[in-house]
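Below is one structure, written out as C-alpha cells; comments come after it.
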Amino acid sequence: FQNVGRNERIIDADQTFSPELRHWRDVFWLAIFIIHLIVLGVLLAIFGLNRFKTADRLNIDRYTEGFWENNNGLTETYWPKYAVAGGVGTGLGCIWLLLLGSRANQMMKVSVHILTTYLAVISVLCFWCEQFFWGVAFATGAALQFLYVIAVIDRLPFTMLVLQKAVKLVWSLPEVTRVAYAFMAVMLLWMGIWSFGAAGVVASSRGDLGRWWLLVVLSVSLFWTGAVLCNTVHVIVSGLVFLVLLHGGRNASSMPPNSLMKSLRYAVTTSFGSICYGSLFTAAIRTLRGFRSKIGNNECLLCCVDFLFQLVETLVRFFNKYAYVQIAVYGKGFNRSARDAWELFQSTGVEALVAYDCSGAVLLMGTILGGLITGTCAGVWTWITWRDRVIMVGSTAMLMGMVLVGLAMVVVESAVTSIYICYAEDPSLIRRWDPQFFNQMSETLHQRLQHRSARAREVLTQNQLDSHMQDTFHL
C-alpha cells in the first residue's frame with residue numbers, strides 16, 4: 001500500500017469547527033436563494049388562490065388570453081393528490097430511516113434490482129393509457145438501468161461493503177436521523193405551499209404548453225430547494241461523522257461538546273451560502289457523469305460523447321459532493337472546498353477508489369424508486385378522476401417523492417463521503433475505527449491503481465504501434 005505513492009496527511013484537530021475560521025461564504029448565492037423563495041412563494045400563493053373554490057378569483061385570466069386556454073378547474077381538485085404524494089414520500093422516507101440499522105442493506109439491494117422492473121411496468125401502463133412519449137421514456141430508462149447494473153455488477157460487492165460500513169457508522173449516531181426527520185418536516189411544509197400553487201397551475205388551463213413550461217419552472221425551483229435541504233443535512237451529518245472518526249468515537253474525551261448543534265448552526269448560517277451555490281450544480285453534474293457510465297463499453301457512443309463529458313469531468317472537479325465535508329469541517333467556500341477535495345483525491349490516488357465505488361448510484365436508485373412509487377400513487381388517483389391530467393400530476397408528485405426520500409438517503413451518503421475524505425487525509429483514522437475495513441479498502445485501492453497503470457501501458461503501447469504503422473505506410 002505504501003508503495004503506490006500514498007502520502008498520509010495528519011489533520012489538525014484544532015482547526016475543525018474552529019470559530020475563527022467561520023466566515024460567511026458565498027453570500028451572493030444565499031441572497032439569490034432567499035429572494036427566489038420569497039418571489040416563488042408569492043407566485044405560488046397567487047396561482048393557488050386564483051383557482052381556490054372560485055375560478056379566476058383574482059381576475060388574472062384576462063392577462064393570459066391568447067396564449068393560455070383558461071377553464072373552470074379548481075385548485076382543490078388536484079391539491080389532495082399532492083397531499084397523497086407528500087404523505088407517501090414522507091412515509092417512505094421515515095420507513096427508510098426506521099429500517100436503517102436492521103434492513104438498510106437489503107433495501108439497497110432491492111432498489112438496485114427492482115428499479116428496472118418498476119420502470120418497465122410504468123412504461124407498459126403509459127402505453128396502455130396511450131401516453132406513447134412517456135411510455136418510450138420509461139422503457140428507455142428501464143433499458144439504461146438494466147445495462148448499467150450489468151456494467152457495474154463486479155463493482156457492487158465493494159459498493160455494498162462501503163454502504164454497510166456507512167450504515168454502521170450512522171446507526172451509532174441516532175441524532176443524525178432526528179436531523180433528517182426535522183428537515184423532512186421543513187420540506188413537507190414548503191411542499192404544502194408549493195403543491196397549492198402547482199395545483200392551481202394544473203387547474204388553470206387545458207392542453208396548453210404554457211402550463212407545462214410553468215410547471216417545469218416550479219419543478220426546477222422545488223429541485224433546487226430540495227437539494228439545498230439535502231445538502232444542509234449532508235453538511236451537518238458529514239461534519240459530525242468526520243469528528244467521530246477523527247477523535248476515535250463519539251464518547252472520546254477529546255470530542256468537542258455539542259458537536260451536532262455546532263454543525264447545525266454553521267450549516268444554516270455561515271456555510272449556507274456555499275450550500276445554496278453548490279446545490280445548483282452538483283446534482284446535474286452527477287447525473288451527467290452517471291449517464292456516461294451507463295454507456296459502458298460501446299466505443300462508438302463513447303467517441304460521440306467523449307468531448308462533452310470531458311467538459312463534464314472538468315466541471316466535476318469544481319462541483320462534487322465531497323466538497324460539503326470540507327465545508328462542514330473547515331468552513332471553506334464551495335469552490336475552494338471542491339478544489340481541495342479533488343486535489344486531495346488526485347494526490348493520494350483515492351480518486352481511483354472513489355471512481356470505482358457506486359454507492360452514490362445505488363442510493364440514487366433508491367431515491368428514484370421512492371419517487372416512482374410516490375408518483376404512481378398520486379397518478380393512479382388522478383387517472384380515476386381526471387385522466388387528462390395524470391402525467392402532469394404524476395410527474396410532479398414523483399419529484400416530491402424523490403426529494404423527501406432523498407432527505408432520508410443523504411445521511412448514508414454523508415457517511416460515505418466522510419469515510420473517503422478521512423481515508424485520503426489520514427488512513428490511520430479508518431484503521432483505528434475498523435481495521436478489517438481499512439485492509440479491504442487498501443487492497444481494493446492497490447488493485448485499482450495497478451489496473452490503471454496496466455491500462456495506461458496498453459494505451460501507450462497501442463499509440464506507439466499505431467505511430468509505427470503510420471510511418472511504415474508513408475515509407
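The values are calculated or read from the model by the stated rules, or taken from the named source; none is laboratory data. Keep in mind that this is a model prediction, so the values were computed, not measured. Every residue, glycine among them, receives a Cβ derived from its backbone with ideal geometry; neighbour counts consider all protein chains shown. For the accessible areas, the whole protein counts, side chains as well, though only heavy atoms, and no ligand, DNA or RNA atoms are used. Shrake-Rupley method; radii C 1.70, N 1.55, O 1.52, S 1.80 Å.
Per-structure values
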quantity	calculated
Matching residues in the stretch 330-362 - criterion: being open to solvent by 10 Å² or more (accessible area, probe 1.4 Å) and under 28 Å from K262 (Cβ atoms)	Y330, K332, G333, N335, R336, R339, D340, W342, E343, V354, G360
Residue selected from the stretch 405-449 under the condition without any contact (Cβ under 8 Å) to a residue 60 or more places away in the chain and of a type outside the set (D, E, K, R), by the criterion most open to solvent (accessible area, probe 1.4 Å)	Q436
Residue in the stretch 344-357 that is touching an Asp or Glu at 6+ places or on another chain (Cβ under 6 Å) and in a helix (DSSP H, G or I) present	yes
Verdict on V186 being over 20 Å from I114 (Cα atoms), in a helix (DSSP H, G or I) and either out of contact with any helix residue (DSSP H, G or I) (no Cβ under 7 Å at 6 or more places or on another chain) or among the aliphatic types (A, V, I, L, M) (or both)	yes
Out of T376, T396, T385, T461, sole residue that is farther than 30 Å from S204 by Cα and β-branched (V, I, T)	T461
Residue that is touching a residue at least 24 places away in the same chain (Cβ under 8 Å) and touching a Cys at 6+ places or on another chain (Cβ under 6 Å), where the choices are L245, L229, L218, L222	L245
The stretch 93-114 residues that are closer than 16 Å to E413 by Cα and touching a residue at least 12 places away in the same chain (Cβ under 8 Å), paired with ones that are in a helix (DSSP H, G or I) and of a type in the set (F, W, Y) (beta carbon under 9 Å, 6 or more apart)	G93/Y181; L97/Y181; L100/W171; G101/W171; A104/W96; A104/W171; M107/W96
Sole residue being at pLDDT 70 or above and under 16 Å from the mean Cα position of the chain (by Cα), chosen from I285, I327, I275	I275
Tally of residues being farther than 18 Å from G371 by Cβ, open to solvent by 70 Å² or more (accessible area, probe 1.4 Å) and either within 21 Å of the chain's Cα centre (by Cα) or modelled with pLDDT of 85 or more (or both) across the stretch 122-152	9
Residues satisfying the stated conditions in the stretch 409-449, i.e. among the hydroxyl-bearing types (S, T, Y) and either in contact with a Cys (Cβ under 7 Å, 6 or more places away or on another chain) or within 27 Å of G366 (Cβ to Cβ) (or both)	S414, T417, S418, Y420, Y423, T444
Answer from L214, L188, L156 - the residue that is within 20 Å of T376 (Cβ to Cβ) and either aliphatic (A, V, I, L, M) or open to solvent by less than 20 Å² (accessible area, probe 1.4 Å) (or both)	L188
Answer from V268, V241, V237 - the residue that is open to solvent by 20 Å² or more (accessible area, probe 1.4 Å) and of a type outside the set (D, E)	V268
Hits in the stretch 376-393 (condition: within 23 Å of the chain's Cα centre (by Cα) and open to solvent by 10 Å² or more (accessible area, probe 1.4 Å))	T376, C377
Those residues of the stretch 26-48 which are under 9 Å from G273 (Cβ atoms) and open to solvent by 70 Å² or more (accessible area, probe 1.4 Å), in sequence order	V27, F28
Residue in the stretch 4-18 that is out of contact with any Phe, Trp or Tyr (no Cβ under 7 Å at 6 or more places or on another chain), surrounded by 12 or more Cβ atoms within 10 Å (Cβ to Cβ), part of a loop (DSSP other than H, G, I, E, B) and at pLDDT 85 or above present	no
